[in-house]
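Below: the structure, in structure tokens.
The values are calculated or read from the model by the stated rules, or taken from the named source; none is laboratory data. Keep in mind the model is a prediction, meaning the values are calculated, not measured. No Cβ is skipped: glycine too gets one built from the backbone with ideal geometry, and neighbour counts run over all protein chains shown.
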Amino acid sequence: GESVGLHLPTLSVQEGDNSIINCAYSNSASDYFIWYKQESGKGPQFIIDIRSNMDKRQGQRVTVLLNKTVKHLSLQIAATQPGDSAVYFCAEGQGGGKLIFGQGTELSVKP
Amino acid sequence: GAVVSQHPSWVICKSGTSVKIECRSLDFQATTMFWYRQFPKQSLMLMATSNEGSKATYEQGVEKDKFLINHASLTLSTLTVTSAHPEDSSFYICSASRVSYEQYFGPGTRLTVT
């Protein structure tokens, strides 16, 4: 069936470096995507979203890029901090307001 | 704003018993609530979608008689795991939504069945 997947299950970066987390999706009809951060033992926390009529959206220290041609989504975190250590999920909007989550990438920030 | 709570945050129960998990939207009215299950080191898997006053819609493969969902009001949904077994041990997360795709997640409930 349709799914949203990630290329990298784990990512380790040095504090202060930029992080890039990738996500591939398979439903070309999807028009809404969200990135979530999940810390251990907690629920997902909204980071940033993007609609399919955009290819880039920026927030505070984060940027989401959408490439519809290759059905690829990425999350860039600038100047990564230890507090950014968590699992990051992309999610794809489906009918009825449902979200389908990708596999997740565990980001580890080394001080 | 947009705070969602879950109760309990963790529960241990014996095999064969039932467990109820509550999900509340504290400062808004949620037209739709969603229930997810998450195993360690895995993603969130949508179990069901519930709208206030109507029957929940379950995802394929989710047993509706085992995972009973009640959405009695615009601020409360409950998930009851009936006749729980060790394989039901998981992290259960709810979310509440007032507009399409905008989901606010609860902190999760850790269920351990012994």
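In region B:72-114, which strands (runs of 3 or more DSSP E) lie fully inside it and hold 1 or more residues that are under 16 Å from residue A:45 (Cα atoms) and within 14 Å of chain A (Cβ to nearest Cβ)? Quick ask: steps written out before the conclusion?
Numbers: elements: B:76-81, B:90-99, B:102-105, B:109-113.
So the answer is B:90-99, B:102-105, B:109-113.
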Q. Listed residues B:36, B:58, B:104; which is free of Cβ contacts under 8 Å to residues at least 24 places away in the same chain and either buried (at least 16 other Cβ atoms within 10 Å of the Cβ) or in contact with a Phe, Trp or Tyr (Cβ under 8 Å, 6 or more places away or on another chain) (or both)?
A. B:58
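Filter the strands (runs of 3 or more DSSP E) completely within region A:5-111 down to those with at least 3 residues that are within 12 Å of chain B (Cβ to nearest Cβ). Walk me through it before giving the result.
Details: elements: A:10-14, A:19-25, A:32-38, A:45-51, A:56-58, A:62-67, A:72-77, A:86-93, A:99-101, A:105-110.
Counting at least 3 such residues, we get A:32-38, A:45-51, A:86-93, A:99-101.
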Q: Could you please find all residues in region B:30-42 being assigned to a strand (DSSP E or B), polar (S, T, N, Q) and out of contact with any Ser or Thr (no Cβ under 6 Å at 6 or more places or on another chain)?
A: B:38
(Q) Considering only residues that are more than 11 Å from the chain's Cα centre (by Cα) and of a type in the set (A, V, I, L, M), which ones fall in region A:20-65? (A) A:29, A:54
Q) Residue check, residue B:45 against (1) without any contact (Cβ under 8 Å) to a residue 40 or more places away in the chain; (2) in a loop (DSSP other than H, G, I, E, B); (3) within 14 Å of chain A (Cβ to nearest Cβ), all met but one. Which one? A) (2)
**Q.** Filtered residues of region B:14-32 (kept if at pLDDT 95 or above and within 11 Å of another protein chain (Cβ to nearest Cβ))
**A.** B:23
